[in-house]
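Here's the structure we're looking at; comments come further down.
Every number here is computed from the coordinates shown, using simple stated rules; none is lab data. Note that this is a predicted model, so its numbers are computed, not measured. With ideal geometry, Cβ positions are generated from the backbone for all residues, glycine too; neighbour counts draw on all protein chains shown.
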Amino acid sequence: MPLTKQQKETRVSEVGDAVQASVGTVFLAYDALNVADVNELRDALFAAGCSMRVVPKRLLKIALADKKFGFDPMAHEGQMAIITGSDPVSPAKVLFAFAKGKENLRLVAGILEGKEITTQEVESLAKLPSKEQLLGQLVGVLAGPMRGMVQVLSGVPRATVYVLTAIKEQKENA
């Protein structure tokens, strides 16, 4: 059943507001996805705190034009879905992982904190380490100087023990 004019206007405003409010948005073009794949993708997105909306291209184009974004969904083949998230990296990470090995899915472009990004930039964003990994690396970097200081300070007593052990062995052998 076709949408009424009021429903179309509502959908355009909802999509425009969702894209503008989102920190990270990724546009996904797809062809012939089965229900199991769509449900798997939605579950993965939900677990990451993201949401997915399938929007007709012409309505998406109007919504993006209203919010002053230059992305043209009409230039891409297939159906168009938008994935939004409050985290700038999670939509790209989930989609990049899900799209591996699936030829009927294509990351098209994205919007990061109000600025349009290309497909290559979306893929680069998806390859970034997770927040937990980055925090772990930071802890390692911060602990490095302290670890080095402990090694230096323990070197003097260790050297004294080595010298005393060598003297003891010399006296036992003599």
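Here the 3J(HN,Hα) profile of the range 106-116, calculated from phi with Karplus coefficients 6.51, -1.76 and 1.60 at θ = phi - 60°, is 9, 6, 9, 6, x, 10, 10, 6, x, 10, 6 Hz, Gly and Pro shown as x. Size descriptors for the chain (Cα atoms only): Rg and Dmax, in that order, 27.5, 105 Å. For Phe71, no residue 5 or more places off, or on another chain, has a built amide H under 5 Å of its own. Listed values for the range 135-142 are Karplus-derived 3J(HN,Hα) couplings in whole Hz (6.51 cos²θ - 1.76 cosθ + 1.60, θ = phi - 60°), namely 5, x, 5, 5, 4, x, 5, 5, and x replaces Gly and Pro. For the range 69-127, just say rounded, prolate or oblate: build the C-alpha gyration tensor, square-root its eigenvalues into a ≥ b ≥ c, call rounded for a/c under 1.5, and beyond that prolate if a/b exceeds b/c, oblate if not. Here the range 69-127 falls in the oblate category. Pairs from the table (Lys68/Lys127; Lys5/Lys68; Lys8/Lys127; Lys8/Lys100; Lys8/Lys115) lying more than 30 angstrom apart at Cα are Lys8/Lys127; Lys8/Lys100. What the phi angles of the range 145-152 give under the Karplus curve with 6.51, -1.76 and 1.60, with θ = phi - 60°, is a coupling list of x, 5, 4, x, 5, 4, 4, 5 Hz, glycine and proline written as x. Here Ile62, Ile83 are placed in order of increasing Cβ neighbour count within 10 Å, fewest first, which gives Ile62, Ile83. Which cross-chain or sequence-distant (5 or more) residues have an amide H under 5 Å from the amide H of Ile117, H modelled 1.01 Å from N in plane? HN-HN under 5 Å from Ile117: Gly110, Ile111, Leu112.
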